[in-house]
1. Does ARG31 satisfy the condition of being closer than 15 Å to GLN122 by Cα, modelled with pLDDT of 95 or more, surrounded by 13 or more Cβ atoms within 10 Å (Cβ to Cβ) and out of contact with any strand residue (DSSP E or B) (no Cβ under 7 Å at 6 or more places or on another chain)?
2. Would it be correct to say that ASP85 is without any contact (Cβ under 8 Å) to a residue 40 or more places away in the chain and touching a helix residue (DSSP H, G or I) at 6+ places or on another chain (Cβ under 9 Å)?
3. For the range 60-86, which residues satisfy the criterion of being crowded, with 17+ Cβ neighbours inside 10 Å and not in a loop (DSSP other than H, G, I, E, B)?
4. Among the residues of the range 101-124 satisfying the criterion of being of a type outside the set (Val, Ile, Thr), part of a helix (DSSP H, G or I) and modelled with pLDDT of 95 or more, which is farthest from GLU37 (Cα to Cα)?
5. Mind checking which residues of the range 27-59 are of a type in the set (S, T, N, Q), assigned to a helix (DSSP H, G or I) and under 16 Å from ILE105 (Cβ atoms)?
6. Would you call SER115 touching a residue at least 60 places away in the same chain (Cβ under 8 Å), of a type in the set (S, T, N, Q) and closer than 19 Å to ARG48 by Cα?
7. Being loosely packed, with under 14 Cβ neighbours inside 10 Å and in contact with a strand residue (DSSP E or B) (Cβ under 9 Å, 6 or more places away or on another chain) is the filter here, so list the residues in the range 108-144 that pass it.
Amino acid sequence: MKHQTVEQLRLVAEVETFPAQTMTRKERLERWAELLERNPHWHLSTLRQTEHQTPSVRANMRGDGSPISVAYADPVLRAAGLADDTYGEARRFFELSDDELHEVICYCHYGSAVSAATAAAQIRAVLAPKPPGFFATLRRLFMA
């Protein structure tokens with residue numbers, strides 16, 4: 001694939017651009033989950049051993065046909081600021097912890113491929129309210 005600038009492409013094709021959009025973290029994650037849910041049976045590639053890589057190696061990890069590449073293929077998410085389809089960019093753009101992104105993308109959970117529906121469910125789990133922790137529950141019981 002030959003990479004060209006938008007200006008170069010405009011010489012040979014009609015290029016549709018989207019204005020920059022401001023999306024909340026929740027909107028970005030919901031959009032990603034919706035994109036994956038459009039084709040729930042897709043088998044998407046995973047990334048190997050993300051948890052064992054150094055932060056710099058992990059940040060540059062990517063895979064063709066991964067859940068992250070599905071997000072990057074979306075013009076709305078790109079217009080909102082998704083710069084590429086690397087692990088580090090997905091972590092930054094979607095404001096995910098390594099543990100949260102690991103659950104969506106890592107080989108150790110799914111083998112070489114994860115269904116789009118499973119990846120979407122993991123993304124939606126990030127959005128779900130978390131139950132209060134043990135100490136918060138104790139504090140609530142004793143303060144009542």
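The values are calculated or read from the model by the stated rules, or taken from the named source; none is laboratory data. The model shown is predicted, which means the values in this text are computed figures rather than measured ones. Counting neighbours? That spans all protein chains shown, and the Cβs are built from the backbone with ideal geometry, glycine included.
1. Against the criterion (closer than 15 Å to GLN122 by Cα, modelled with pLDDT of 95 or more, surrounded by 13 or more Cβ atoms within 10 Å (Cβ to Cβ) and out of contact with any strand residue (DSSP E or B) (no Cβ under 7 Å at 6 or more places or on another chain)), ARG31 qualifies.
2. Against the criterion (without any contact (Cβ under 8 Å) to a residue 40 or more places away in the chain and touching a helix residue (DSSP H, G or I) at 6+ places or on another chain (Cβ under 9 Å)), ASP85 qualifies.
3. Within the range 60-86, PRO67, ILE68, SER69, VAL70, ALA71, TYR72, LEU77, ARG78 qualify.
4. LEU101
5. THR50
6. Against the criterion (touching a residue at least 60 places away in the same chain (Cβ under 8 Å), of a type in the set (S, T, N, Q) and closer than 19 Å to ARG48 by Cα), SER115 qualifies.
7. Matches in the range 108-144: SER112 only.
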